[in-house]
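The values are calculated or read from the model by the stated rules, or taken from the named source; none is laboratory data. None of the values given here were measured: they were computed from a predicted structure. Methodologically, a virtual Cβ is constructed for each residue, glycine included, from the backbone with ideal geometry; neighbour enumeration extends over all protein chains shown. The protein model used for the area step is the full one, side chains on, heavy atoms only, and it has no ligands, DNA or RNA in it. Shrake-Rupley method; radii C 1.70, N 1.55, O 1.52, S 1.80 Å.
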Amino acid sequence: MANSLEHLSFNHIDSATVGTIVYPPGGRYGPRIQQDIQLVLLHTGSMEVTIDGVLFRLEPGNVALLKPGHIEHFTFADEQDSWHRWVAVSVQPLSVDELKALEQVPFSLPISEHLNRITDLMLSIRSEHADTGTVMRSLGHTAIQLFLTELSKAQLQQDIHPSVLRAKSYIHQTFKENLSLPLIAAHAGVSDEHLVRLFRKYEQTTPIKYVWHYRVLRAIELLAHTGLSISEIAQRSGFQTSYHFARLVKQQTGKTPSEIRTSSWGKGDSHAE
């Protein structure tokens, strides 16, 4: 599945639309032939979609990807309103590889905050500006690609032990702080020794080595994209000393912090220490 997603670029988008609607209890819609590639974000109620005679159920808090060329019929919750929003993109005829890859994409996944924000932005732009074709096409394309990216991430995480995922999430949120193996293991819900075994199996490293690796990655971003001094970047990235920071950056990248900044900034002033 992950390999097939590389065929889905949708670079030739003719138009993109966005909308929001609340169906009353017992609402129905269809049948219709889907014309676009469409994301449907369900926020309240429930939705059952019959696609070419096959029934799919969408729970609130999830987003579905609808694919062109299929006959669809929608049935909404019987006892409450069903609110959903959508982003639809009209694309030029897809290649054989694109059509094959698109048909393998699963029906739904949880709505992310990023996808919510893109939908919010598209709705706001639609209501406040008249001529938004180029902007809406770009945002529609972004929404579809974000769905596919999040799908790939979700599929990869299915193969990783949940304690490792919890540990990594905690590290990403608190990497600037003074982290220890017992602290990380406690948040992951396993013993120190078991977390080390899990990290060696799934990440090919140890939890503490992962912490330092992640700190270096975040520091490199600051070196490349901010004017903060190297000592300030070291402190913000969780390093006790600039010496330790420089040593690990050199070890991980083969370059000193100053060299990374120089290569990112060109020949400008890169001597802030």
Practice item. Say whether the condition of being under 25 Å from the mean Cα position of the chain (by Cα), within 30 Å of D159 (Cα to Cα) and open to solvent by 40 Å² or more (accessible area, probe 1.4 Å) is met by at least one residue in region 231-246. Key: no
Review point. In region 90-126, how many are within 19 Å of the chain's Cα centre (by Cα) and of a type in the set (V, I, T)?
Key: 4
Exercise for review: Please determine, by comparing only the residues of region 102-113 that are surrounded by 14 or more Cβ atoms within 10 Å (Cβ to Cβ) and touching a helix residue (DSSP H, G or I) at 6+ places or on another chain (Cβ under 6 Å), which one is nearest to K67 (Cα to Cα).
Suggested key: L109
Study note, to complete from the structure: Among (1) assigned to a helix (DSSP H, G or I); (2) among the charged types (D, E, K, R); (3) within 24 Å of the chain's Cα centre (by Cα), R197 falls short only on (3)
Practice item. Could you grab me the full set of residues in region 247-262 that are closer than 23 Å to I171 by Cα, open to solvent by 50 Å² or more (accessible area, probe 1.4 Å) and more than 28 Å from the chain's Cα centre (by Cα)? Key: R247, K250, Q251
Exercise for review: All but one of (1) on the phi > 0 side of the Ramachandran plot; (2) touching an Asp or Glu at 6+ places or on another chain (Cβ under 9 Å); (3) of a type outside the set (A, V, I, L, M, F, W, C) hold for Y210, so report the exception by its number.
Suggested key: (1)
Exercise for review: Could you give me the residue pairs with C-beta distances under 8 Å whose first residue belongs to region 188-204 and is of a type outside the set (S, T, Y), whose second residue is open to solvent by 100 Å² or more (accessible area, probe 1.4 Å) and part of a helix (DSSP H, G or I) wherever it lies, and which are 6+ apart or on separate chains?
Suggested key: A188/R166; G189/R166
Exercise for review: Please indicate, with yes or no, whether at least one residue in region 1-14 is surrounded by fewer than 18 Cβ atoms within 10 Å (Cβ to Cβ), at pLDDT below 85 and part of a strand (DSSP E or B).
Suggested key: yes
Point to revise | Long-range neighbours under 7 Å by Cβ, at least six apart or interchain, first residue under 14 Å from S191 (Cα atoms) and of a type in the set (A, V, I, L, M, F, W, C) within region 156-169, second open to solvent by less than 50 Å² (accessible area, probe 1.4 Å) and assigned to a helix (DSSP H, G or I) | key: V164/L198; V164/F199; A167/I184; A167/A188; A167/L195; A167/P207
Review point. Just checking, how many residues over region 159-190 are over 23 Å from Q235 (Cβ atoms) and not in a helix (DSSP H, G or I)?
Key: 5
Exercise for review: Considering only region 15-61, give the strands (runs of 3 or more DSSP E) lying wholly within it that have at least 3 residues that are touching a His at 6+ places or on another chain (Cβ under 9 Å) and surrounded by 13 or more Cβ atoms within 10 Å (Cβ to Cβ).
Suggested key: 37-44, 47-51
Check your understanding: For region 69-85, what are the residues that are open to solvent by 40 Å² or more (accessible area, probe 1.4 Å), assigned to a loop (DSSP other than H, G, I, E, B) and out of contact with any Phe, Trp or Tyr (no Cβ under 9 Å at 6 or more places or on another chain)?
Key -> G69, D78, E79, Q80
Practice item. Examine region 141-158 for a residue that is modelled with pLDDT under 95, part of a helix (DSSP H, G or I), under 25 Å from V54 (Cβ atoms) and charged (D, E, K, R), and state whether such a residue exists. Key: yes
Check your understanding: When A88 is evaluated against the numbered criteria (1) open to solvent by less than 20 Å² (accessible area, probe 1.4 Å); (2) touching a Gly at 6+ places or on another chain (Cβ under 9 Å); (3) modelled with pLDDT of 95 or more; (4) not basic (K, R), which criterion, by number, is the only one it fails?
Key -> (3)
Exercise for review: Of the numbered conditions (1) open to solvent by 80 Å² or more (accessible area, probe 1.4 Å); (2) touching a residue at least 60 places away in the same chain (Cβ under 8 Å); (3) in contact with a Lys or Arg (Cβ under 9 Å, 6 or more places away or on another chain), M136 fails exactly one; give the number of that condition.
Suggested key: (1)
